[in-house]
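Visitor: Before we start, here is the structure in question, set down as structure tokens.
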Amino acid sequence: MKKIFYTLLCIVALGLTACQGDKFGPTIYIDPIEDLDAYTREFDLWLKKYYTDKYNVEFLYRLDDSATDPNYNVVPVSIGKADTIAHLALYLWYDVYDSVVSPTFLLDNGPKMIQLIGSAMINAAQGTEKLGYAEGGSKITLLKINKMETNNIEQLNEYIFKTMHHEFSHILHQQKAYPKEFGQITPYDYDPNRWQDRSAQEAWELGYVSNYASSQTREDFVETIANYIVKTDADWNYMIEHAGEEGATAINQKLEMCRGWLAEKWEVDLDAMRVEVQKRQANLDWDYIMSLGFLHEKDEN
Amino acid sequence: MKKYIYIVLALASVLCACSRDEDSLFDKSASERAQEAMENATELLPQPAAGWEMIYFANPESRGYNIILRFDKNGRVTATAKNKVTTNDKMMTDSLSTWTVKLDYGPILSFDTYNDVFHAWADPQNDGDGLLGDYEFLILSATPERVLLKGKKHEGYSIMRPMPLDMTDEAYFAGVATTLSKCFSNDNILTLHQKGERYYLHNGASGLFAISAFGTKPPTVDPIIYPICATLDGFMMCFGFNGDKNERMFVMEETRFVGENGSVIDHDDLNVMFVTYIDVNKGWTADLKNSTGAFADAVTAFTTQLQTLTGDSKAKVNSVAVTYSDTAFHYEGSYVLRIKYEYKKSTKQNLMADFAINVSDTKKAGFTVLEYVAPLNTTAATWYQQASEMPNLVAAIMGEYALSVGSDPLNPAKSLQMAKEGSTLMCSGASNLK
């Protein structure tokens, strides 16, 4: 009986597919890089050279609405902001991994797509806004880019670089699981629905580096890494001092677990990463940043 | 047995799925047609020398806006707009970003990098929705004269037409503003003639027509709303009236708008409109400076008597209006003639004399008939008895009027001429008479 069923299924399938009358002509999509007069050609060539060729990353700045969550209304990023972020991401992110970890680490493990979106994804009912997300272990989407003030490093970190470290950490733990014990450090206060009602101070006292970290374990894990990398010593120490004894102990335990996991599973020295990022954050020379592509290589030269 | 049934069913499905005799409605395959549509649009958009006027509806429930777009073949687009909502009534010019035409479920025009002018409608702002506008559009049709677009997410329809040559952007927006002020008023009532039926259209100045049965006011709960957008030569609707959803463009003529599929919008029967206008809780107020004849004389006579009686040489009549009052329901006709006047006697006295009157559009064919009934408040009763010019003034207003449109033929509520033998009243619609 089964045999007949499958045979018939094949016949029907063949019947349905046998009728394709459409002939496909050559594509009419024009590759802006091949179009010598394209407005964005120079930027696209730059992206190809410094992102696609070097890191096998597609840097998406022209928005295709069907690639976004239809439940949210968003707008594209401006070309100017995309240009700035592309340069800055090389300086504060790619080049850091190249110099501190290895020149091939992000080629091997980094995201394959970075998508920039101009606005945040706003959930008015919850009173929250999404600043970034990672999908399928390969794509990082960064939001609210149009609101970025390029001389405000705290804002850049909050909107972009913390988000990039956060989302990239998701990509890493999606490949190699983080220790189960991490979730046992402060297991009872995770609240995926009401985390936004907690102040930063309340989150610290409960043993989380941010209120979002208190939403669920995996967010806690990547928030710990991301906050540690981008927060200055002064900011990190302020948090520890104001977390109370219990909170500080929990945060330090979590940090130690993140540090160990990165070293053991990925051979990444979290503290060396942090030192390098902090050094670069403190010296944002825009003329330099906007003039360079392969920073690490140029530095060596 | 079951085996044979399956075989028969399978064969039937195969045979049905693959009828080679069926004639195609098109000469080309779907993919070829989609490619052609994309190529056509890609070539067409940079062509108009002065760019395009886009009549943009962010979504099917909001008023439309005018944007000037100029595409170049290298992927650049500039946008210019001037409106209260996104540019604070200032001209925002030539904001630069990129455009592309791509294939989704049809050819899609996408404004795919941020443009300060264009994306203001799509920005989620703080509530996640903003103005619920689109920046990706399905191209429904594209010719050198007109491109019809449908917003991909929020489904507002928009039209692009070539900008007139030799017209500055400032002149374009000034022209649109002229159409708006000339033809649309929140006090306006227009008549839609569509396929032998008549309907009333209310408002318009807010960019939304409320529709109702002829001679009636729109329902207060869930009125049926049609978003519109003024253009240089008339207006566009996001979607046409129920009888013809595709009739979007209406061209302005001297006394009417004519739709692209033959519907007409005018002021139709002014007598019916006069009465209905009062029924929607508004009224008519006389233009005391520009009215002439017996009415003007009566106003002058009453003013003189008022000054004599009060000893105030500056006493004056402030307004004469026909309106509606709940208390007038006790009287036949249930309308009110309201005369407001003032004088000073140690302190300023503002008086309002209300008289019940009949207003009828049926008593005499082709005329609006005003008939005096009785004083409606104490002021009216007292002055009607004690000031002899007050009954004369009231009598000068009563009568059989032939109505005609004044200076704005498409907007009778702005200027209506009421003529009877020996007297001409110029009136305008008013909503603050109650």
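The values are calculated or read from the model by the stated rules, or taken from the named source; none is laboratory data. Keep in mind the model is a prediction, meaning the values are calculated, not measured. Virtual Cβ from ideal backbone geometry, glycine too; neighbours counted across all protein chains shown.
Visitor: For A:Q184, work out the one condition from (1) without any contact (Cβ under 8 Å) to a residue 24 or more places away in the chain; (2) touching a helix residue (DSSP H, G or I) at 6+ places or on another chain (Cβ under 7 Å); (3) of a type outside the set (S, T, Y) it doesn't fulfil.
Guide: If we test A:Q184 against (1) without any contact (Cβ under 8 Å) to a residue 24 or more places away in the chain; (2) touching a helix residue (DSSP H, G or I) at 6+ places or on another chain (Cβ under 7 Å); (3) of a type outside the set (S, T, Y), just (2) comes out false.
Visitor: Can you tell me which residue in segment A:110-131 is nearest to the other protein chains (Cβ to nearest Cβ), limited to those that are more than 23 Å from A:D44 (Cα to Cα) and surrounded by 17 or more Cβ atoms within 10 Å (Cβ to Cβ)?
Guide: Looking at the filtered set, the residue picked out is A:I122.
Visitor: Quick one: which residue in A:L131, A:L172, A:L142 is in contact with a Leu (Cβ under 9 Å, 6 or more places away or on another chain) and under 17 Å from A:L90 (Cα atoms)?
Guide: None of the other options fit; the residue is A:L142.
Visitor: Turning to a different aspect of this structure: Just to verify a result, which residue in segment A:166-198, among those that are surrounded by 21 or more Cβ atoms within 10 Å (Cβ to Cβ) and hydroxyl-bearing (S, T, Y), is nearest to the chain's Cα centre (by Cα)?
Guide: Step by step, filter segment A:166-198, then rank; the result is A:S169.
Visitor: Looking at B:T100, B:T168, which is the one that is more than 8 Å from chain A (Cβ to nearest Cβ) and among the β-branched types (V, I, T)?
Guide: Working: B:T100 fails: more than 8 Å from chain A (Cβ to nearest Cβ).
Answer to the selection: B:T168.
Visitor: How many of the residues in segment A:39-76 are more than 7 Å from chain B (Cβ to nearest Cβ) and not in a loop (DSSP other than H, G, I, E, B)?
Guide: Of the residues in segment A:39-76, 19 are more than 7 Å from chain B (Cβ to nearest Cβ) and not in a loop (DSSP other than H, G, I, E, B).
Visitor: Return the total of residues in segment A:55-68 being more than 23 Å from B:N74 (Cα to Cα) and surrounded by 20 or more Cβ atoms within 10 Å (Cβ to Cβ).
Guide: 2
Visitor: Consider only pairs whose beta carbons are under 6 Å apart and that are at least six residues apart or on different chains; among these, list those whose first residue lies in segment A:127-145 and is within 9 Å of A:I171 (Cβ to Cβ) and whose second residue is outside any strand (DSSP E or B) and polar (S, T, N, Q).
Guide: A:G137/A:Q174
Visitor: Further question on the same structure: Considering only residues of segment B:28-79 that are within 14 Å of chain A (Cβ to nearest Cβ) and assigned to a strand (DSSP E or B), which is surrounded by the fewest Cβ atoms within 10 Å (Cβ to Cβ)?
Guide: Here the residue is B:R76.
Visitor: Answer with yes or no whether B:A328 is at pLDDT 90 or above and either assigned to a strand (DSSP E or B) or crowded, with 18+ Cβ neighbours inside 10 Å (or both).
Guide: no
Residue-wise test of (1) surrounded by fewer than 23 Cβ atoms within 10 Å (Cβ to Cβ); (2) away from every other protein chain (no Cβ under 14 Å); (3) at negative phi.
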residue: B:Y135; (1), (2), (3): no, no, yes
residue: B:L138; (1), (2), (3): yes, no, yes
residue: B:A142; (1), (2), (3): yes, yes, yes
residue: B:A177; (1), (2), (3): yes, yes, yes
residue: B:L192; (1), (2), (3): no, yes, yes
residue: B:K195; (1), (2), (3): yes, yes, no
residue: B:R198; (1), (2), (3): yes, yes, yes
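Visitor: Residue check: is A:D95 over 30 Å from B:K152 (Cβ atoms), buried (at least 22 other Cβ atoms within 10 Å of the Cβ), under 17 Å from the mean Cα position of the chain (by Cα) and acidic (D, E)? Can you show your working first?
Guide: On the way: over 30 Å from B:K152 (Cβ atoms): yes; buried (at least 22 other Cβ atoms within 10 Å of the Cβ): yes; under 17 Å from the mean Cα position of the chain (by Cα): yes; acidic (D, E): yes.
Yes; evaluated as a whole, the condition is true for this residue.
Visitor: A further question on this structure: Looking at segment A:199-238 only, could you name the residues that are surrounded by 21 or more Cβ atoms within 10 Å (Cβ to Cβ), at negative phi and over 23 Å from the mean Cα position of the chain (by Cα)?
Guide: A:W204, A:L206
Visitor: Spot the failing condition for A:G137; the list is (1) over 12 Å from A:Y72 (Cβ atoms); (2) assigned to a loop (DSSP other than H, G, I, E, B); (3) within 14 Å of chain B (Cβ to nearest Cβ), and only one is missed.
Guide: Of the numbered conditions (1) over 12 Å from A:Y72 (Cβ atoms); (2) assigned to a loop (DSSP other than H, G, I, E, B); (3) within 14 Å of chain B (Cβ to nearest Cβ), the odd one out for A:G137 is (3).
Visitor: Would you check which residues across segment B:234-254 are out of contact with any Lys or Arg (no Cβ under 6 Å at 6 or more places or on another chain) and surrounded by 16 or more Cβ atoms within 10 Å (Cβ to Cβ) and list them? Give the derivation first.
Guide: Going residue by residue through segment B:234-254, those that are out of contact with any Lys or Arg (no Cβ under 6 Å at 6 or more places or on another chain) are B:234-235, B:238, B:241-242, B:244-254.
Within segment B:234-254, B:G234, B:F235, B:C238, B:F241, B:D244, B:E247, B:R248, B:M249, B:F250, B:M252 qualify.
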